[in-house]
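Data block below; observations after.
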Amino acid sequence: MKTTKLTCKMCRREGVSLCGKDNCAQKRRPYPPGVHGPTSRTRMTDYGKQLREKQKAKRIYGVSEKQFNNYYQKAMKMKGDSGENLVRLLEMRLDNTVFRAGMAKTRAAARQAVSHAHIEVNGKRVDVASYQVKTGDIIKVRETKKEKSTWKALVEATQKAEVPSWVILDTGNLEAKVTGQPSNEELQQSLFSSKLIIEFYSR
């Protein structure tokens, strides 16, 4: 499914660097785009705040409006905190897991690697970025793709990667094992408020 390409203007709008660029404009101008610049005094409504959090989460994970709504509906049917369920579903996407494991510099790069059939799960090629990984899954770069310069250059970078608690990375083989799910503490460290997103859909 086609997703919107992230731009630095979007990063500035959301107040956080989403594009993964070292020279992202949001770092130089950490305020929303517009003629008023940093002096704008526009007061955001509660609805506006909820909408911005939803848009931010959508852009962080690179999902469409329909996909995001489906994640919300699924999260509401699961046991436990709906907000945490929503973040967990997003985190357990295959493209995000590849990114979290340090096997791609950005989520967009991870999504491209998956869609171009560079990744396999449990020995089988998977080219669906939204594929939900499970505990015990082995994710690795396909042997036929490892010789490409992109992956050769990444081997050294993965040795410095900070992986989450639910992933074990084998840097030499460009292979990651899913050992569980994100902890509540990790879910609460997301760059957006899942509570406001639930409020947005529940209004």
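A short reminder: the numbers here are calculations on the coordinates, not readings from a lab. Please read these numbers as outputs of a predicted model, since none were measured by experiment. A quick note on method: Cβ atoms are made from the backbone with ideal geometry, for glycine too, and the neighbour counts reach across all protein chains shown.
Listing for the model above:
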read-out: Identity of the residue in region 53-84, assigned to a loop (DSSP other than H, G, I, E, B) and free of Cβ contacts under 8 Å to residues at least 24 places away in the same chain, that ends up surrounded by the most Cβ atoms within 10 Å (Cβ to Cβ); value: D81
read-out: Filter result (touching a residue at least 12 places away in the same chain (Cβ under 8 Å), more than 19 Å from the chain's Cα centre (by Cα) and assigned to a helix (DSSP H, G or I)) within region 167-203; value: E199, F200, Y201
read-out: Residue selected from region 97-127 under the condition among the charged types (D, E, K, R) and within 14 Å of the chain's Cα centre (by Cα), by the criterion surrounded by the most Cβ atoms within 10 Å (Cβ to Cβ); value: R100
read-out: Filter result (part of a loop (DSSP other than H, G, I, E, B) and either of a type in the set (F, W, Y) or within 19 Å of Y61 (Cα to Cα) (or both)) within region 120-132; value: V126, D127, V128, A129, S130, Y131
read-out: Subset of region 85-119 (residues that are in a loop (DSSP other than H, G, I, E, B) and not aliphatic (A, V, I, L, M)); value: G102, K105, T106, H116, H118
